[in-house]
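A.B. asks: The following block contains the structure, expressed as structure tokens.
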Ligand SMILES: [Zn+2]
């Protein structure tokens, strides 16, 4: 027996025949199915892309949040340090003001109650002379106290 392969499509001679119309409809269905699959594939690719973008954005957001938290921590730490330094500075200023008041009072008391003689040094004859031995310590202390007040009176107007 001899087999003759049947052609996939027989030639259509009459394009207005119902057979031709049926074949055209089938072709249209196949085309629509292919288009649908392509659309679906494109949509799938689009969603995949969107998902990747969302993923990247969410990672970026996480990084930004931790950066923000870190900055917050730094800020709090720096603020605590600045506050501590400020408190220390205030305490030192108060101490200095108190010291200035005491020195000023001591100078006044010294000037009122101690009769310090004018310098009468005779060290060139026999060093050390009695004037230097008895009075130089008091003179130097008084002059240092006055210098201290001068120095810090100036500092007071600076801040
Ligand atoms: Zn002397």
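A.B. asks: Kindly evaluate residue 132 against the criterion of being in a loop (DSSP other than H, G, I, E, B) and surrounded by 10 or more Cβ atoms within 10 Å (Cβ to Cβ).
C.D. replies: Details: in a loop (DSSP other than H, G, I, E, B): no; surrounded by 10 or more Cβ atoms within 10 Å (Cβ to Cβ): yes.
Spelling it out, it is not the case that residue 132 is in a loop (DSSP other than H, G, I, E, B) and surrounded by 10 or more Cβ atoms within 10 Å (Cβ to Cβ).
A.B. asks: A follow-up question, please. Name the residue, out of 89, 146, 81, that is in a helix (DSSP H, G or I), away from the ligand (no atom under 16 Å from the Cβ) and touching a helix residue (DSSP H, G or I) at 6+ places or on another chain (Cβ under 8 Å).
C.D. replies: Numbers: 89 fails: touching a helix residue (DSSP H, G or I) at 6+ places or on another chain (Cβ under 8 Å); 81 fails: touching a helix residue (DSSP H, G or I) at 6+ places or on another chain (Cβ under 8 Å).
After ruling out the rest, the residue left standing is 146.
A.B. asks: Going residue by residue through segment 49-60, is there one that turns out to be touching a residue at least 40 places away in the same chain (Cβ under 8 Å) and either within 16 Å of the ligand (Cβ to nearest atom) or in a helix (DSSP H, G or I) (or both)? Outline the logic, then answer.
C.D. replies: We begin by selecting, within segment 49-60, every residue touching a residue at least 40 places away in the same chain (Cβ under 8 Å); these are none.
No, that holds for no residue.
A.B. asks: Could you check segment 112-135 and list, in sequence order, the residues that are modelled with pLDDT under 90 and closer than 22 Å to residue 150 by Cα?
C.D. replies: 114, 116 - these are the residues of segment 112-135 that are modelled with pLDDT under 90 and closer than 22 Å to residue 150 by Cα.
A.B. asks: Does segment 121-143 hold any residues that are more than 12 Å from the ligand (Cβ to nearest atom) and touching a helix residue (DSSP H, G or I) at 6+ places or on another chain (Cβ under 9 Å), and which are they?
C.D. replies: 138, 141, 142
The values are calculated or read from the model by the stated rules, or taken from the named source; none is laboratory data. Everything quoted here is computed from the prediction, not taken from an experiment. FYI the Cβ positions are ideal-geometry reconstructions off the backbone, even for glycines, and counts take in every protein chain you see.
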